[in-house]
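Structure first, then comments.
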Amino acid sequence: MPRVGKTESIVAASVSANKKWIFLSSTMIKQTVRNQLMGDEHNANNIFILDGIVTRRSGDERHMQLVREMMRMPTIKVVEHPDMFVQQSEYSIEDFDYIIELRHHPEEKITYEVLEKNHFMGDQNQADMFGGFNF
């Protein structure tokens, strides 16, 4: 089962580092899938946050173009669930400099069975499913 508090920790660390954080995809407040950046959001000083599960399930090609653009930028990128993100993308786990996993104990296995059983990873449009944002 995925851990809670990851996104909040990323945002808190960004604020502490005096960096602007930008969600490309997230479930922190509502389901968010971005397909464009605005104004100064193209700044390499920003921290980009991407939920690998949300991005993987997004069928929006403009979102994927934005993800590719962000991945090429020389900036800090935080990808939650990178193992799920790489499953249906041109990226591999070796593309990441650091992998951090939150666990209750070192032997705990991280699985996505509950999400799969609840059709969270099914074919439904999740932005619609959660009343989310797609902009």
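The values are calculated or read from the model by the stated rules, or taken from the named source; none is laboratory data. For clarity, every value in this text was computed on a predicted model and none was experimentally measured. Ligands, DNA and RNA are excluded from the accessible area calculation, which covers all protein heavy atoms including side chains. Shrake-Rupley method; radii C 1.70, N 1.55, O 1.52, S 1.80 Å.
Rank these by accessible area, largest first, 1.4 Å probe: HIS42, HIS104.
Numbers: HIS42 95, HIS104 145 Å².
Per-residue accessible area, sorted high to low, gives HIS104, HIS42.
Net length available on complete extension from GLU94 to ARG72 is 6.4 nm, with 0.36 nm assigned per residue and the Cα-Cα distance removed. Maximal additional length on extending the ALA13-ASP83 stretch stands at 23.0 nm, based on 0.36 nm per residue less the C-alpha distance.
Calculate, in nm to one decimal, what GLN65 and ARG103 gain on full extension: separation in residues at 0.36 nm each, minus their alpha carbon distance. Contour length minus Cα-Cα distance gives 10.5 nm.
By the rule of a C-alpha distance below 23 Å, with chain neighbours fewer than 8 residues away ignored, the lysines paired with LYS30 are LYS6, LYS19, LYS20, LYS77, LYS117.
Rolling a 1.4 angstrom probe over region 40-91 with all protein chains present gives an accessible area of which 46% lies on carbon and sulfur atoms.
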